[in-house]
Amino acid sequence: MTAKERYRELCLEEKSIPLFCRDWWMDAVCFDAWDVLLAEEKGEIMAALPYHLRKKLGFSCVLQPQLTQYNGIWLRKKQTESDYERLSYEKKIFGRLIEQLEKLNLSFYQQCFHMSITNWLPFYWKGFRQTTRYTYLISGIGNPEKVFARFSPAKQRQIRKSEKRLHLSLDMKPNEFYSHHKQSLKERGEEISYSYELFLRIYKATQTHNAGQLFSIKDDAGNVHTALFTVWDQNSAYTLVYSISPQYASSGASTLVIREAIKFLTNKTRNFDFEGSMVEGIENSYRQFGTIQKPYFLIEKNYSRVFKLLFSLYKRD
């Protein structure tokens, strides 16, 4: 049995594996160009590192898949009596994964680890680099009214204003959502960064696993002001794609859709993750939803000086 086959069995058994690390998610976003590293003890899988293997400028790389906020290591939690024991366990298990990773003959490695991974020192010792990123999380959405009460006064006013003339729709089709996002970006002078084929694969996979929903906010004339694609696992929901029509940017729909999504997800998951942003204006908006800031790690390593040079030139173009 291959490592990937064993990992598929693990995903069926282990509910703590985050959504973006699950085998079916990797199937959808990687177009089958993925594999996994396993760390074991006495025949039991203690950790896994699913990864997306790609060719970039002709070089072999591990890169973060599109529309995938977190990836990297899943670690089986182990009951320990002290931080010393926990950190010793993590050093040993992470070391086994790194040893396998170093044998892949890569030119470049880059993954964003799930926020549950808070110790990257074993990677630092092996020459990897780390950049801290932030997401914003609403913790505990079991009581929507308490959640809404934590919204800023500005967000609450937007909801009161918009709900008088706008309404939620759950019947948006994936092609309609993609077209709306593409057009909304075009009106801002931007281009969409992901293909419809990728979006449709993700959408279909989430429908199969009861883990995704399209939301849209419309006016009485049927105009879509805002659309949102949210995915979830048992621990958290994630705002995967957020589409706001520039001509209706001030209608309050972008706030109303978050409230409606949280109401829909109340009995499906525990938290609501905005997937963060390092853009100051977006960060300010997310903070007003009564969120808490959560750091996560971008881990990377250059194995090839030639690739590093070519990639730096490629990014400048």
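Every residue, every condition in (1) within 30 Å of Ser60 (Cβ to Cβ); (2) surrounded by fewer than 21 Cβ atoms within 10 Å (Cβ to Cβ); (3) at pLDDT 95 or above, yes or no:
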site	(1), (2), (3)
Gln247	no, yes, no
Ser251	no, no, no
Phe264	no, yes, yes
Asn271	no, yes, yes
Ile282	no, yes, no
Arg287	no, yes, no
Lys301	yes, yes, yes
Breaking point among (1) farther than 24 Å from Lys268 by Cα; (2) surrounded by 13 or more Cβ atoms within 10 Å (Cβ to Cβ); (3) not hydroxyl-bearing (Ser, Thr, Tyr), for Lys164: (2)
Helices (runs of 4 or more DSSP H) lying entirely in the range 83-199 (those with 2 or more residues that are at pLDDT 95 or above, of a type in the set (A, V, I, L, M) and out of contact with any helix residue (DSSP H, G or I) (no Cβ under 7 Å at 6 or more places or on another chain)): 83-101
Single residue of Ile141, Ile202 found to be within 24 Å of Ser285 (Cα to Cα) and not hydroxyl-bearing (Ser, Thr, Tyr): Ile141
Search result, residues across the range 23-61 that are surrounded by fewer than 15 Cβ atoms within 10 Å (Cβ to Cβ) and among the hydroxyl-bearing types (Ser, Thr, Tyr): none
Residue check for Val29: among the β-branched types (Val, Ile, Thr) and either more than 30 Å from Lys308 (Cα to Cα) or assigned to a helix (DSSP H, G or I) (or both): yes
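The values are calculated or read from the model by the stated rules, or taken from the named source; none is laboratory data. Computed from a predicted structure; not experimentally measured. Note: ideal-geometry Cβ built from the backbone for every residue, glycine included; neighbour counts use all protein chains shown.
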